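Remarks on the structure that follows.
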Amino acid sequence: MTTSLWTERALPSDRQPIPLRFGTQVSRRDDEAMQRFRRYGLGQFIHFGLYSILGGEYQGVSAAGGSAAPEWIRAWSGPTAPEGWQGTYDRLNESFDPARLDARAWARQAKRMGARYVIFTTKHHDGFALWPSAHSDYTVRESPCGRDLVGEVVDAYTAEGIDVFLYFSVLDWHHPGYLRTVPATDAERAGWQDFLQYTRAQLLELLDRYPAARGLWFDGTWDASWIASHEFTHALEAELRARRPGLIIGSRFRNDEHGARHFDSNGALLGDYEQGWERKLPANFEMLGGNDWDCVMTIGPNAWGWLRDTRGQYQKTADDLVDLLMRCRSMNGNLVVNFGPDGLGRMTAHEDEIAEHLGAWVAANADAVYDAHHVDLDRTGAGWLTGDGDRLFVTVVNRPVTGILRLRFPAGAERMPISARLLDSGRDLPVRLTDIGFDLDDALYCDVSIPADLEAEHAFVIELALGEASASVGDRIDAWM
Ligand code: H79
C-alpha cells in the first residue's frame, strides 16, 4: 500500500476481498450526471472567504513561514504571528463585505475560459459559511455583507450553463465540538456528536437550498475523529444520495472501518470519482484503474486563497495550464484551475489573463479537449494524446526539432492515420507510414510533417483521421527473416 496525505490505495490483486460493513456504496456510474462529469474537461475552483480579506498578511506582516497557505492564515504561529491572532481572525466576519463581488461577471469569465464546472468554497476550515446557514451563527448573515454568496454563485454559473459543485470542509476551527483526535471523555464525545449533527444539518441544508448543485467536493476529512466516525459517515453518504439522486460525491468524504481513505480496504473507490489529485497528477493512466478523477491545481505554488504579495513565487502561465489540461485529458481526468479573488471579490490581473488566454486556446481546440478521451497508444514526448471515435489528437507542447511528429502503432492496428491537419486552422499536413528498420520491432510508425513555416508560440493540436490500415507488418521484408 502506498500512503500519502490524500490517497491511500489498497489494491490487493491476489487477495480475497474482506467483508466490509462500511466499504464502498457505489460502483461505476454511467448515468447522465457522470457522463457530464467525464466531458467537463476544464473546471474552475474558487477559494473565497474571510481569509480573502487578508491576502496572506496582517498589518503589513507576511504570514509566510508561519502558515502553510493564505487560506490557512488562521493557523499562523511562530515568532511572526500577531498577539491574540486567532481571536483577531475569528472576528473578521465583522468586516467581511465583498462589495465588488459580481458572481455573474465571474461566471461569464469562467464561460469564456471554457470551464464546464465550478467548485465553490461554501465553508473552509475557518468554519465561516458563505450562505446564511440556519445551523450556525458564523455566516454571511453575521457580517456587513449580508448576501447569500453561495446562492449568487449557484445562480450565476447555472445561468451560464456551468455545473456547480459545492466545496465543504468538514474540519472546522469555529465549532466548539470539533476536535482532531478521537473523543476520549464524555464532554468530548458530547461535543463531537453536536459537531456531527451540525455537519449533517449543513450538508442537507446546502442540498435543499441549492437544488441546481450537482456535486459535493469535500475537504478536511483526515483527522482521527472523522476517521473513527465511519458508521456516521457511511449513513450520511447514503442520506445525501437519497436526498439528491444523481449527486456526485468525491472520494475524500469518508473511510471504511479500517481507516482506509479514498479506496476501501478492498481497493474499491469510496465515492464517484477519485479526489486525491490535489496539486499533483497521476504518473500514468494504468494506475487510475479506470476510475474517474479530477486534478485541482493552484496557479501559484500553493495558494488557494488570495495572496497579496506573490513576489518570488512562480505563477503558472496559460501555456503551463494547457499542458496540464491536456495531460489530464490524455488520462481521462478533468483539470480544475483555482482562482482566489481578493477581499472585495475581484479576480487578480493574472487570473484575468489566464482566463482569457486559456479560454482562447480551449475554444480553438475544443474537439481535442471535451469529448476526447484516453487512447491506448505509446506516449510521445512531443505532447499529449487524446482521441474521439475516428480522430486522434496530438497536443504538441514540445515541437520536435526534426520537423517530424512520429507515432508508434502496434503491428496489428486495424486503423491507422490516413490524413492529418492542424485543428485550429485546418491546414493539411503530410502524413506517411515509415519503416524505420528496427529489427524485432513489430510496430508501425506514422510520421506527420510539421511545416518549417508554421509559426507556433503556443501548443498546437494535430488532428489525425484514422482509417483502415493499408499497411501491416506483414508487408515488410523484415517480417520474413
Ligand atoms: O482548500 C485548499 C487547501 O486549503 C486545502 N485543500 C485545498 C483544496 C488543504 N487543507 N489542508 N491541506 C490542504 C493539506 C495541508 C496540510 C498542511 Fe498542515 C497544513 C501541512 C501543513 C499545514 C495540517 C497542519 C497538516 C499538517 C499540519
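Worth a mention:
- Two-decimal log10 I(q)/I(0) for the stretch 66-217, as the Debye equation yields it once each C-alpha is a single scatterer, q = 0.12, 0.14, 0.21 Å⁻¹: -0.59, -0.78, -1.36
- Whole-Å distance, taken between Cα centres, linking the stretch 99-122 and the stretch 369-402: 29
- Dipole magnitude of the stretch 14-364, debye to nearest 20 (Cβ charges: Lys/Arg +1, Asp/Glu -1, about Cα centre): 640
- When +1 charges are put on Lys and Arg Cβ atoms and -1 charges on Asp and Glu Cβ atoms, the dipole computed for the stretch 316-468 relative to its Cα centre reaches about 120 debye.
- Against the rule of thumb 2.2 N^0.38 Å, how large the Cα Rg of the stretch 383-468 comes out: 1.07
- Here's how it looks for Ile450: its modeled amide H is under 5 Å from those of Ile404, Leu405, which are all 5 or more places away or on a different chain.
- Against the chain, whose longest principal axis comes from its Cα atoms, helix 103-113 is set at around 20 degrees.
- Among beta bridges identified by DSSP and lying wholly in the chain, the antiparallel ones come to about 55 percent.
- Where only C-alpha atoms are counted, convex hull volume of the stretch 14-364 per residue in Å³: 146
- Cα centroid separation, the stretch 217-240 to the stretch 13-29 (Å): 17
- Gap separating the Cα centres of the stretch 39-56 and the stretch 340-361, nearest whole Å: 11
- Charge sum, other residues only, whose C-beta stays under 13 Å from Phe285's C-beta, Lys/Arg counted +1 and Asp/Glu -1: -2
- 3J(HN,Hα) along the stretch 422-433: 7, 5, 6, 9, x, 4, 6, 10, x, 9, 8, 8 Hz, from the Karplus curve 6.51 cos²θ - 1.76 cosθ + 1.60 with θ = phi - 60°, whole Hz, x for Gly and Pro.
- Our summary of shape: the Cα atoms of the stretch 312-467 have principal axis extents of 64, 32, 30 Å, ordered from largest down, in whole angstrom.
- Helix 186-209 and the longest principal axis of the C-alpha atoms of the chain enclose an angle of approximately 60°.
- Ranked list, fewest to most other Cβ atoms within 10 Å of each Cβ, for Leu466, Leu179, Leu269: Leu179, Leu466, Leu269
- Protection proxy ranking for 118-125, 297-304, 450-457, using the average of other Cβ atoms within 10 Å per residue and placing the highest first: 118-125, 297-304, 450-457.
- Here the Karplus relation 6.51 cos²θ - 1.76 cosθ + 1.60, evaluated at θ = phi - 60°, turns the backbone of the stretch 92-102 into coupling constants of 4, 4, 5, 10, 7, 8, x, 5, 9, 6, 10 Hz, with x for every Gly and Pro.
- Residue ranges 212-219, 412-419, 46-53 sort as 46-53, 212-219, 412-419 when ordered by packing (mean number of other C-beta atoms within 10 Å per residue, highest first).
- Partner lysines for Lys111 [C-alpha distance under 21 Å; skip if fewer than 8 residues away on the same chain]: Lys316
- Per-residue packing, averaged as other Cβ atoms within 10 Å, sorts the ranges 379-385, 325-331 into the order 325-331, 379-385, beginning with the highest.
- Computed from the C-alpha gyration tensor, the three semi-axes of the ellipsoid equivalent to the stretch 24-116 are 36, 19, 12 Å, from longest to shortest.
- Neighbours of Thr348, meaning other residues whose beta-carbon lies under 10 angstrom from its beta-carbon, give a summed charge of -2 when Lys and Arg score +1 and Asp and Glu score -1.
Every number in this text was worked out from the coordinates using simple rules, so none of it is lab data. Keep in mind that what you see is a predicted model, and the values were worked out from it rather than measured. Positions of Cβ are generated from backbone atoms using ideal geometry, with glycine treated the same way; all protein chains shown enter the neighbour counts.
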